[in-house]
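Take a look at the structure set out below.
The values are calculated or read from the model by the stated rules, or taken from the named source; none is laboratory data. Just so it is clear, the model here is predicted, and its values are computed rather than measured. Every residue, glycine among them, receives a Cβ derived from its backbone with ideal geometry; neighbour counts consider all protein chains shown.
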Amino acid sequence: MKNNMTDEFLLEEIKNRLLEKNNKIAKLSLELEEAREKLFDSEHLKTNFLSIIRNELKNPVSAISGLSKLVVQKDFDSVGEIKNVLSTIRLEAIKFALQLDNVLTASSFEGGENNSFLSGFDLCELVYEVKRSFEDEIKSRGRHVETEFIDEIKIYADREKLKLVFKNFLDNALKFSEKNVKLTVSRRNEHALISFYNDGYEIEEKNHHKIFERFAPLDSGLSRKYSGVGLGLCVCGAIIENHGGKIDFSSGKGNGTLFEIELPIAGKNQEEAADIESGEGFIIL
């Protein structure tokens, strides 16, 4: 009788250990499957990123190459014709520089690098500087750009990164407007508000949820026609988030599209602002 109980005990112990082993194997299998999915997602993201780099940079490079060849080979009838072609080459070069900045910034974020150099500067002055840099494109597209600076605002932030953000939003506003674009800078309590309005392009409701997704161009004829949609907005969202800000937008048929950026005026906290005032400019956000 004693041996029978011992055998039963051993059998039960073996069953429990087998069950424990099976549970561990199942858990390990699940972890391996999750790792496989993450690897697949990573490879998929890499493929998308490389595809976007190709699409973002190919068009302006091709245009510059083709127009430059035209200048070399064609006998122009007047200096004015040459100037028109050279003006187009310059616009394409500016477009290329913007997309290259987007690609490099997106690449740094993907690599986990988000260092920012914070400094104090006038926000209205920066927005106006961005507008001036687009004067040729504004003229060539026949657009009217209105500026309204309600307050003079000094902000502590990464000037070059915000400049890239404003360039992207103004570039999109110009491309997708019918005629009018409006830039506004104002203050709401301890936050600066920068808005970009265009009277043309409507972001369809089905695309609202993915407007700032990583490398997700909008599913529309206009977004396929113009390069830059998708990557630029992704970069803008990441930069503004790193500054402790946020971006809101509204869009409707016949009402145009409005993007509003909200930024803390003194950076993420007062200590960062104090560090900048004392000369300790390099801050990691």
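A few comments on the model shown:
- None of Ser107, Ser87 is of a type outside the set (A, V, I, L, M), farther than 29 Å from Ile265 by Cβ, more than 24 Å from the chain's Cα centre (by Cα) and in a helix (DSSP H, G or I) except Ser87.
- Residues that are surrounded by 15 or more Cβ atoms within 10 Å (Cβ to Cβ) and among the small types (Gly, Ala, Ser) within the range 135-163 comprise just one, Ala157.
- Of the criteria (1) out of contact with any Leu (no Cβ under 7 Å at 6 or more places or on another chain); (2) among the hydroxyl-bearing types (Ser, Thr, Tyr); (3) at pLDDT 65 or above, which one Ser42 fails: (3)
- Exclusive hit being closer than 24 Å to Ile94 by Cα, under 20 Å from the mean Cα position of the chain (by Cα) and at pLDDT 85 or above, set Asn168, Asn180: Asn168
- Among the residues of the range 230-238, not a single one is touching an Asp or Glu at 6+ places or on another chain (Cβ under 8 Å), modelled with pLDDT under 90, within 18 Å of Phe166 (Cβ to Cβ) and surrounded by fewer than 20 Cβ atoms within 10 Å (Cβ to Cβ).
- Among all positions in the range 137-144, there is at least one residue which is touching a Leu at 6+ places or on another chain (Cβ under 8 Å) and among the hydrophobic types (A, V, I, L, M, F, W, C).
- Members of the range 239-272 found to be in a helix (DSSP H, G or I), under 18 Å from Glu160 (Cβ atoms) and either modelled with pLDDT under 85 or small (Gly, Ala, Ser) (or both), listed by number: Glu272
- Failed condition for Lys131, given (1) under 17 Å from Thr184 (Cβ atoms); (2) more than 22 Å from the chain's Cα centre (by Cα); (3) of a type in the set (D, E, K, R): (2)
- From Ser108, Ser116, residue being surrounded by 15 or more Cβ atoms within 10 Å (Cβ to Cβ), within 30 Å of Ile194 (Cα to Cα) and in contact with a strand residue (DSSP E or B) (Cβ under 9 Å, 6 or more places away or on another chain): Ser116
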